[in-house]
1. Excluding B:Q30 itself, calculate the net charge of residues whose Cβ lies under 11 Å from the Cβ of B:Q30, where each Lys or Arg counts +1 and each Asp or Glu counts -1.
2. From the label point of B:T176, set 7 Å along Cα to the beta carbon, how far off in nm is each other copy's matching point, shortest first?
3. Quickly estimate the mean residue ellipticity at 222 nm for chain A, helices only: each DSSP H run with n ≥ 4 gives -39500 (n - 2.57), and the total goes over all residues, rounded to 500.
4. Compute the FRET efficiency between A:E119 and B:S74 as 1/(1 + (r/R0)^6), taking r as their Cβ-Cβ distance and R0 = 30 Å, and round to the nearest 0.05.
5. With both bridge residues required to lie in chain B, what share of the DSSP beta bridges run antiparallel, to the nearest 5%?
6. Just to be sure I understand the model, the point goes 7 Å from the Cα along the line to the Cβ. What's the resulting B:K132 to A:W131 distance in nm?
7. What helices does chain B hold that run 18 Å or longer along their axis, going by alpha-carbon atoms, with a Kyte-Doolittle average of -0.5 or more, using DSSP H for the helix calls?
8. Post the alpha-carbon centroid distance, region A:171-213 to region B:160-191, in whole angstrom.
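Every read-out reported here was derived from the displayed coordinates using simple, explicitly stated rules and does not represent laboratory data. What you see is a predicted model, and the numbers here were worked out from it, not measured in a lab. All Cβ positions, glycine included, derive from the backbone under ideal geometry; neighbour counts span all protein chains shown.
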Number of protein chains: 2
Amino acid sequence: MKVFIVFAHPEPQSLNGSLLKVAVEELESQGHEVKVSDLYAMKWKSQVDREDFPQHPADERLRVTKASAVATYSGTLTDDVRQEQEKLKWADFVIFQFPLWCTARRTGVIDMEKEFCLEKRAMVVVTLGGWKEHYSARGIGGPLEDLLFPVTHGTFYYTGMEVLPSFAMYRTDRATDEQFKEAADELRQRMKTLFTAKPIAFRRQNGGDYEIPALTLKRGLEGPNASGFSLHSRNVEDATES
Amino acid sequence: MKVFIVFAHPEPQSLNGSLLKVAVEELESQGHEVKVSDLYAMKWKSQVDREDFPQHPADERLRVTKASAVATYSGTLTDDVRQEQEKLKWADFVIFQFPLWCTARRTGVIDMEKEFCLEKRAMVVVTLGGWKEHYSARGIGGPLEDLLFPVTHGTFYYTGMEVLPSFAMYRTDRATDEQFKEAADELRQRMKTLFTAKPIAFRRQNGGDYEIPALTLKRGLEGPNASGFSLHSRNVEDATES
């Protein structure tokens, strides 16, 4: 069979590099064909921007989802993207390999000393093409605040900030002027209460709620239906209600 | 007060660009000072690599976490990172604004037509500095498979692939040769069952489990303690047990 490994790590001599070798050798010894895309070695351009759509008029607003569809169906995707798509089409099995910090990337926040962040507050402002229902408690995309947990809890709160609930605008691909106006009004309201609104009640790492050093939540602290990320906030509403 | 907005969108004329203006205007009208980092306009380099550590010897293995600590304490961080840190230190409030697709970025998979992916299988191989317990059902980092949900469910499964449980190696910063050998053995075993192992039992979008078009899970299909992302798999074990 054919296996395509997408590998993201800047150092070939790393533990990740060694694990990659283990996987490739094992797969080949079983007779599988293997292709590896080493994203760092390829200097893979990770952000989507105008360069990806050379046919798109320079003076015209770029709508990424639409431009991407147009480029796909008109056969004008850039060569680097097309080559990766070919590998993907070729493969029977796809593996993504990366260290977890690689997903956080170089945001300028991640490497900070924690003391920078104490006494600060933070929030996410996010837009989504999908419906609000898709990201509700029972929605197929998962609850929005859970999707954002690696940022709100893993980045903001972990570095010492208080985090407000996220602001989201949905169905942005088809937004009417009226819908934009509503969202803008709501955003304005949120901007008025940055320093007074109640933050998400994430539990303190060393506040007594966790076993040390395993950092697992002590038994009996959660609500009857809490699980997953919601365990780590106090007084979460029943997460199974939408 | 001082508000720092980190903005990630390639198109200033976008809906996101308009929302940014709304926020800035509102904040300034309240007398706040505002700084904006427009990551695309700045051509922000998002990946961490050797260029970030010019003092690091070219022939020496790069350990990102360590190199980052050394650069921070020796004052040799690159100017672009330092400038962002200054803004962060300056701020009382931090806002991250982005469209949700921006977190997925340009992986070469995201823009694919779904038909490429049918009949394929996929999995994640990930390494973590933290302990396994930190990413267990009750661990402070959140359950690992939940952290990876945007990749396993949002990318792989959404484009039509069957997804195997992720392979993870923990505490990699201090791994001994013995620990590496154990992980390598486990990875070898996983590589032997790529095409036979049981995939995660994610529910089919149009398989009858969801209300259409809201795509919310129908009542009563989940186990007694399921919530969050685990709602979207069949036969999930009680997620509150660690």
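1. That works out to -2.
2. 6.7
3. Computed mean residue ellipticity for chain A: -7500 deg cm²/dmol.
4. So, using R0 = 30 Å, E works out to roughly 0.70.
5. Restricted to chain B, the bridges split so that about 10 percent are antiparallel.
6. Result for the modelled spin labels: 4.2 nm.
7. B:15-29
8. 36
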